[in-house]
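The values are calculated or read from the model by the stated rules, or taken from the named source; none is laboratory data. Treat the numbers as computed from the prediction; the structure is a model and nothing was measured. Glycine also receives a Cβ, built like all others from the backbone with ideal geometry; neighbour counts cover every protein chain displayed. To get the accessible areas, we keep the full protein, side chains included, count just its heavy atoms, and leave off ligands, DNA and RNA. Shrake-Rupley method; radii C 1.70, N 1.55, O 1.52, S 1.80 Å.
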Amino acid sequence: MTFDQLMSQRWSCRAYDPEPVPDEVLDRVLATAQRTASWCNTQPWQVHLLSGDAAEWLGKELSAHVLSGGAGVADLPIPERYSGVYDARRREAGYGLYESLGIERSDFAARTEQMLKNFSFFGAPHVLIITTDREQGTYGAIDCGGYVANLMNAALEQGLGSIAQGAIAMHSGKVRELLDIPDDRAVVCAVALGRPDEQHPVNSFRTTRADLDGVVVRVERP
């Protein structure tokens, strides 16, 4: 696929075939993502890769933590609020997701059940926890964002689905405890990875993108 085709075909996969991806394919994806550009070539990202039983274990531990009312603490600042167009886009995505699953807005039990699937990685056979070096601050987190984007595109090139999961970062303390992540690392997000379940209705859902006129300010020389 060309890069344009990759970008037009990538989506956030929320249902997976449980069959693990061969190690050589995972290594190919990771090697491609490792070429991501970074501030002064610092390459601040590190990856904890969990597969099979390890991924299932982490999912069960995190789900139990959330269900028990465990504290949600993020290493990185989270959005203060969603206002204006950002709130509209967030709502559109949420409504579209639940509509694809036939979940009514008033069905709080079903909505909660779907939300909790974030913490079991939507049944993906692999999960990658992405961390950054704390001393690199905002630019380290930005570099990790570029890494995550390239990782997901590299996965798609290999026929794999993926989704970046900020929900995991909302419970950074528990993630750090379970994976013994040192304090000098900040949890950025998780990426679930595997072959998509093509028959699951949730994988028919797609988000929209803003028109260029709403994003690009064209500056003419005076």
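Couple of notes before you dig in:
- For Gln34 and Val217, the difference between the fully extended length at 0.36 nm per residue and the C-alpha to C-alpha distance is 62.7 nm.
- Cα gyration tensor shape of the stretch 1-104, rounded if a/c is under 1.5, else prolate or oblate by comparing a/b with b/c: rounded
- Per-residue HN-Hα couplings for the stretch 73-85 [Karplus 6.51, -1.76, 1.60; θ = phi - 60°; Hz; x = Gly/Pro]: 10, 9, 6, 9, x, 9, x, 5, 6, 10, 10, x, 5
- One equal scatterer on each Cα of the stretch 22-66, no solvent, Debye formula: the resulting log10 I(q)/I(0) at q = 0.15 Å⁻¹ is -0.59.
- Rounded to the nearest 10 Å², the accessible area of Ser12 at probe 1.4 Å: 40
- The residues of the chain present an accessible area of 59 Å² per residue when probed at 1.4 Å with all protein chains retained.
- Difference of contour (0.36 nm per residue) and Cα-Cα distance, Arg134 to Arg81: 16.7 nm
- Sparsely packed loop sites in the stretch 38-113 (the GluC sites (Glu not before Pro) outside DSSP H, G, I, E and B with at most 14 other Cβ atoms within 10 Å) comprise Glu80, Glu104.
- Spread over its residues, the convex hull of the C-alpha atoms of the stretch 168-222 is 212 Å³ per residue.
- Loop trypsin sites (Lys or Arg not before Pro), the stretch 84-114 (other Cβ atoms within 10 Å of the site Cβ: 16 or fewer; DSSP): Arg105
- Exposure rank, largest accessible area first [Leu151, Leu49, Leu116; 1.4 Å]: Leu49, Leu116, Leu151
- In the stretch 1-104, the chymotrypsin sites (Phe, Trp or Tyr not before Pro) that fall in loop regions by DSSP, at most 15 other Cβ within 10 Å: Tyr82
- Within the accessible area of the stretch 1-44 (1.4 Å probe), percent carbon and sulfur: 50
- Think of the stretch 96-222 as having a plus end and a minus end, set by charges on the Cβ of Lys, Arg, Asp and Glu; of Ala124, Leu151, Gly96, Gly96 sits farthest toward the positive end of this dipole.
- Per principal axis, descending, Cα span of the stretch 75-143 in whole Å: 44, 37, 16
- Entry for the stretch 111-154 at q = 0.14 Å⁻¹: log10 I(q)/I(0) = -0.49, Debye formula applied to identical alpha-carbon scatterers, no solvent contribution.
- Projected label points at Glu113 and Ala88, each 7 Å from Cα along the beta carbon direction, are separated by 3.4 nanometres.
- Percent accessible area from carbon and sulfur atoms, the stretch 78-222, protein chains only, probe 1.4 Å: 50
- Given +1 at the Cβ of Lys and Arg, -1 at the Cβ of Asp and Glu and no other charges, the dipole of the chain around its Cα centre is 600 debye to the nearest 20.
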